[in-house]
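Chemist: I'd like to ask some things about the structure below.
The values are calculated or read from the model by the stated rules, or taken from the named source; none is laboratory data. Everything numeric in this text was worked out from a predicted model, so none of it was measured. Cβ placement follows ideal geometry from the backbone for every residue including glycine, while neighbour counts extend to all protein chains displayed. Just the protein is used for accessible areas: all its heavy atoms, side chains included, with ligands, DNA and RNA removed. Shrake-Rupley method; radii C 1.70, N 1.55, O 1.52, S 1.80 Å.
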Amino acid sequence: PTQASLRAQPVYATPQRMVPVVTASANAGAQNSFGILTTTSKRFVGGQVGASGNFGSLARPRSPSDETRHLAELGAALNELEHIDESALVGQAQLNSQMQSHLRNMIGSSLNCESSCTLASRSPAISHLTTPHSWGASAMSPKARAGSLRGDEFPLPGPSYTGPRLEPPGDSTIDLNWAMGLVRHFQRNPHVPLPARYLCRLLDEAERSLDLHEENEGPVQKVALKPGVQAAPTLNIVGDTHGQLQDVLWIFYKMGVPSLMNRYLVNGDICDRGQFACEIWALLLAFQCVHPESVYIQRGNHEDRLLNMDPHCGGFFDEVLNKYGRESGIGILVYEKFARIFARLPLAAVVDEQIFVVHGGLSRNPAGGFLKLLGANRTRTAEVPSSAAYASAVELAFVDAMWADPQDGPRVAPNPRGPGLVLFGPDITTRFLAETGYRLVVRSHQVAAPTATGVVVMRCCRRRQLGQLVVARLASEGWSSPCILLVRRTRELKAHRGMVASLAVDMAAQ
């Protein structure tokens, strides 16, 4: 990340003391430390400590003493943002990024590149990315280079890598055999990541596919369960996986790997918290390369560059750098390729013109506008927009699709997750379904109350329903076990959690 990549965002100046919310899950006593209650004590400011303004407003210091002083001030501001809600931690990520920028200014020119000589000799295309100082250079920054650097310009994997390969003497085609080889590799060696050369090839293929999708459909993707020769395909809607590779492998074992007859819609939040988000991305993108219509991936609030950098509720940025190298420059290039994918991911999906699937929720905007505003987000970045007072209606629709939560009460209310976020009532859902003609809204984003299926069905009126898909987490970590929602063209919906399938929503009744 560079200073130029930071978006300007006012800091929340309302005094608040953040209190963790305890939310029910399948395991008694589980605590969601990312939810927040309210009131009193600290004031958060941007720029210098004690000053108002934007995080990106500091001028670059000129002397080493100024660099040290500004770094100390940024550190103090960072401490002020400890232990608060997930949304405001995006501000902490901004401060983190600015501190890294100042550190690069202080140490970049003094670093030698001896540790990177081997990499540079093997891969001339990235030989200039040998010091942190070079990461911030405008023309050759990782953000700029990630768009032009191809996967085959990264180093070949060494002989110690025993997973599937993509170069002679084997086959260089990403086919079903290769994808299944990747599944077996991660089953046996989950701590051995896919080499950067192969991962970036998958990311490049995904970027081309997403660009084509954006041109044809825009931010809201259409999923049609067209009947095949013998039967219509099944769609498995998967909630937040958050780096839990074991959950994804279990789902593939239980429900089958992606194919044209067994499709997957992954409803965001692949990144952060868990340690294996890179591996989950690799698996999903590999099957997507085999059959593009077998895997649909859309964006969640954790597919966000700034949230990824936060050590408390993020972690994907560090995961990529730890696996693919910090000093060599490869890790930051791989991350920037992921960031390019984030900016292209669809924001929602419509299944057979009946089911609306979105990560967060519905919008605070007036009647009749949500889909139109969501569709207007044609130019997106790797950061979710700000929900500040100056945000446009188009940006707020984007924010609500990522962050909004349902409530039992009517209308729209402030969301305890953080300033500028909202809760939406059953009347908002009723209105949206009436306007669009859809029958159901499916969303993720929250740990649901304990149920036998892991799915909460919230009825907003007699004829309309809002389905909430539980976050998929490992039971051993105090979270609920994995859950997916099955959609068949017969209008049958079933929820699978653990080894049971006990929820059916009758879509044909009305």
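Chemist: Which far-off residues, 5 or more places away or on another chain, put their amide H under 5 Å from the one on Leu440, with H placed in the peptide plane?
Modeler: Phe356
Chemist: If you add up the charges near Glu214, with Lys and Arg at +1 and Asp and Glu at -1, over every other residue whose beta carbon is less than 10 angstrom from its beta carbon, what do you get?
Modeler: 0
Chemist: Let me ask something additional. Rounding to the nearest 20 debye, state how big the charge dipole of the stretch 194-336 is about its Cα centre with +1 on each Lys and Arg Cβ and -1 on each Asp and Glu Cβ.
Modeler: Roughly 500 debye, rounded to the nearest 20.
Chemist: In addition: Under 5 Å between amide hydrogens, which residues at least 5 positions from Val295 or on another chain qualify, with H placed 1.01 Å from N in the peptide plane?
Modeler: Tyr264
Chemist: Same structure again: What is the stretch 345-390 by shape, rounded, prolate or oblate, if you read a ≥ b ≥ c off the alpha carbon gyration tensor as root eigenvalues and call it rounded for a/c under 1.5, prolate for a/b larger than b/c, and oblate otherwise?
Modeler: oblate
Chemist: List the trypsin sites (Lys or Arg not before Pro) within the stretch 374-436 that fall in a DSSP loop (any state other than H, G, I, E or B) and whose Cβ has at most 15 other Cβ atoms within 10 Å.
Modeler: Filter output for the stretch 374-436: Arg378, Arg411.
Chemist: Something else about it: Using a simple spin-label model with points 7 Å from Cα along the Cα→Cβ vector, what separation in nm is obtained for Thr381 and Lys222?
Modeler: 3.2
Chemist: Students sometimes get this wrong: rank His191, His302, His291 by accessible area, probe 1.4 Å, all chains present, largest first.
Modeler: Putting His191, His302, His291 in descending order of accessible area: His191, His291, His302.
Chemist: For every other residue with a beta carbon closer than 10 angstrom to the beta carbon of Arg299, add +1 if it is Lys or Arg and -1 if Asp or Glu, then tell me the sum.
Modeler: Neighbour charge sum, excluding Arg299 itself: -1.
Chemist: Can you work out ³J(HN,Hα) from phi for every residue in the stretch 266-277, in order, using Karplus 6.51 cos²θ - 1.76 cosθ + 1.60 and θ = phi - 60°, giving whole Hz and x for Gly and Pro?
Modeler: So the J values, rounded to whole Hz, are 9, 8, x, 6, 6, 7, 6, 6, x, 9, 10, 5.
Chemist: From largest accessible area down, sort Lys323, Lys226, Lys337; use a 1.4 Å probe on the protein chains.
Modeler: Greatest to least solvent exposure: Lys226, Lys323, Lys337.
Chemist: How about the stretch 149-233: which trypsin sites (Lys or Arg not before Pro) there are in a DSSP loop, with at most 10 other Cβ atoms within 10 Å of their Cβ?
Modeler: Those that pass, being in a loop and sparsely packed, number zero.
Chemist: Name the shape class, rounded, prolate or oblate, that the alpha-carbon gyration tensor gives for the stretch 222-372, where a ≥ b ≥ c are the square roots of its eigenvalues, rounded holds for a/c under 1.5, and otherwise prolate holds if a/b is larger than b/c and oblate otherwise.
Modeler: In terms of gyration-tensor shape, oblate.
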